[in-house]
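The values are calculated or read from the model by the stated rules, or taken from the named source; none is laboratory data. Here the structure is a predicted model, which is why all the values come from computation and not from measurement. Here the Cβ positions follow ideal geometry from the backbone for every residue, glycine too, while neighbour counts run over all protein chains shown. Remember, those area values only see protein heavy atoms, side chains included, never the ligands or the DNA or RNA. Shrake-Rupley method; radii C 1.70, N 1.55, O 1.52, S 1.80 Å.
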Amino acid sequence: MTDQSATIAEAVSTNAVSLGERVRSLRIASNLTIAELAERAGLSSGIISQIERGRSNPSIRTLQSLRAALGMNLWEFLQSSDHPAASSAEREIPDFICRKSQRQTLIVGQTKLVKELLSPRKDQNLRFMIVTLPPGSESEDVLQSQGQKGGYMLSGRARLQVGDRSGDLEEGDSFQFPADIPHKIVNPYGEPARVVWIMSIMDAHL
């Protein structure tokens, strides 16, 4: 295993453990058993048990099902309750700024997309993040909603499919499309790709 592969594997493991702890604490706070949460979310008890034990790397759609079952905003759901305490300087910044140290990072799906959440607030209709796509990866179970999605390629190359059309994106390219059209972004190339992904959405739960 290369140093880079080892780093990615460690990040995936850390992410899974942190997410599992978050799901477990929210379930307990809601006075739900694993079976009760599974029924509400339309998932199996085994899947939720694996997530809580940090042995599963769930897709966004699975997280959305858990979010809905717990009655939370998706980004609030992802916000860890044991996130490191903010420094005095961070506490003094206005709520429309998000420091790099405050970003929430999520690694999702079997192809290990890394999503760094950039939006300073979770209660607005605009969401944006940096998505890193490893070689051979693709977005899985993307959420469709009323509104718009768009983005800007920071580095690498990727292929964006919207409906029955697709096109390659290169560094410096940008894009925008209606968010209710089926879509996905894939990286069939040999180098990682990074993209700023922006969502203007009407569903406040996302």
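Points to keep in mind about this one:
- Residues of segment 112-127 that are of a type outside the set (Lys, Arg) and either closer than 14 Å to Asn15 by Cβ or buried (at least 17 other Cβ atoms within 10 Å of the Cβ) (or both): Leu113, Val114, Glu116, Leu117, Leu118, Ser119.
- For beta carbons closer than 8 Å, sequence separation of 6+ or different chains, a first residue in segment 152-168 that is more than 15 Å from Trp197 (Cα to Cα) and a second that is of a type outside the set (A, V, I, L, M, F, W, C), the qualifying pairs are Gly163/Pro182; Gly163/His183; Ser166/Arg159; Gly167/Arg159; Asp168/Arg157; Asp168/Arg159.
- Tally, over segment 88-126, of residues that are at pLDDT 85 or above and of a type in the set (D, E, K, R): 4
- The numbered conditions (1) within 21 Å of Thr111 (Cβ to Cβ); (2) buried (at least 16 other Cβ atoms within 10 Å of the Cβ); (3) at pLDDT below 95; (4) of a type outside the set (A, V, I, L, M) are all true for Gly147 except (1).
- Any hit, segment 35-42, residues being within 17 Å of the chain's Cα centre (by Cα), modelled with pLDDT of 90 or more and assigned to a helix (DSSP H, G or I): no
Yes/no per residue for (1) in a helix (DSSP H, G or I); (2) surrounded by fewer than 15 Cβ atoms within 10 Å (Cβ to Cβ); (3) at pLDDT 85 or above; (4) hydrophobic (A, V, I, L, M, F, W, C):
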| position | (1), (2), (3), (4) |
| --- | --- |
| Ser5 | yes, yes, no, no |
| Glu10 | yes, yes, no, no |
| Gly20 | yes, no, yes, no |
| Arg27 | yes, no, yes, no |
| Ser49 | yes, no, yes, no |
| Ser56 | no, no, no, no |
| Asp82 | no, yes, no, no |
| Ala85 | no, yes, no, yes |
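- Sub-9 Å Cβ pairs linking a first residue in segment 38-58 that is of a type in the set (D, E, K, R) to a second residue that is open to solvent by less than 70 Å² (accessible area, probe 1.4 Å) and assigned to a loop (DSSP other than H, G, I, E, B), at least 6 apart or interchain, are Arg40/Leu32, ordered by first then second residue.
- When every residue of segment 173-190 is checked against the conditions, none turns out to be under 25 Å from Gln102 (Cα atoms) and either in contact with a Cys (Cβ under 7 Å, 6 or more places away or on another chain) or modelled with pLDDT of 95 or more (or both).
- Hey, Ala68 part of a helix (DSSP H, G or I) and either open to solvent by 40 Å² or more (accessible area, probe 1.4 Å) or in contact with a His (Cβ under 9 Å, 6 or more places away or on another chain) (or both) or not: yes
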